[in-house]
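Worksheet for the structure shown next.
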Amino acid sequence: QVQLAESGGGLVEVGGSLRLSCDASGHTFRKNTMAWFRQAPGKEREGVAAISWSGGSTAYSRSVKGRFTISIDAYKNTIHLQMDSLKPEDTAVYYCAEDRSGRYYRVLERSSYDSWGQGTQVTVSS
């Protein structure tokens, strides 16, 4: 399985921005689906954003739609999550995930993914 490594998390004030990156360690991303999930203490891991291998299809959770943008840089084998207008409820550990099935289906469900990074902490302070 490809190794996934997240970076870019940190402490930010309400209304600020962060850009997360996920390094796929040389993987091409062709025909896969990539996603960002997050998990806050005491809560279930939830799908935040997903993108098809071509970048032609994206999906966002209701809570982040309009504020977050997911993208793929195939040349660098990296996916990004641009997070704007951050809120305290965005505080969580953010995880990168990969689905190698070749299907773009149920892309914000945890069970669709079998490869995960170690996570990066995002803290939004008021």
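The values are calculated or read from the model by the stated rules, or taken from the named source; none is laboratory data. Every value quoted in this text rests on a predicted model; they were computed, and no experiment measured them. In this analysis, Cβ positions are derived from the backbone assuming ideal geometry, glycine residues included, and neighbour counts consider all displayed protein chains. Heads up: the accessible areas ignore ligands, DNA and RNA and are worked out on the full protein's heavy atoms, side chains in. Shrake-Rupley method; radii C 1.70, N 1.55, O 1.52, S 1.80 Å.
Annotations for the structure displayed:
- Within the stretch 48-68, being open to solvent by 10 Å² or more (accessible area, probe 1.4 Å) and either closer than 23 Å to Glu89 by Cα or hydrophobic (A, V, I, L, M, F, W, C) (or both) holds for Trp53, Thr58, Ala59, Tyr60, Ser61, Arg62, Ser63, Lys65, Gly66, Arg67.
- Selection within the stretch 114-125: residues that are of a type in the set (Ser, Thr, Tyr) and within 21 Å of Gln82 (Cβ to Cβ). The member of this set that is least open to solvent (accessible area, probe 1.4 Å) is Thr120.
- If the condition is being among the hydroxyl-bearing types (Ser, Thr, Tyr) and either under 12 Å from the mean Cα position of the chain (by Cα) or open to solvent by 50 Å² or more (accessible area, probe 1.4 Å) (or both), then the stretch 69-100 contributes Thr69, Ser71, Tyr75, Thr78, Ser85, Tyr94, Tyr95.
- Restricting attention to the stretch 84-105, the residues that are under 26 Å from Gly56 (Cβ atoms) and either at pLDDT below 95 or outside any loop (DSSP other than H, G, I, E, B) (or both) add up to 12.
- Test set (1) touching a residue at least 40 places away in the same chain (Cβ under 8 Å); (2) within 20 Å of Ser125 (Cα to Cα) - Met34 fails condition number: (2)
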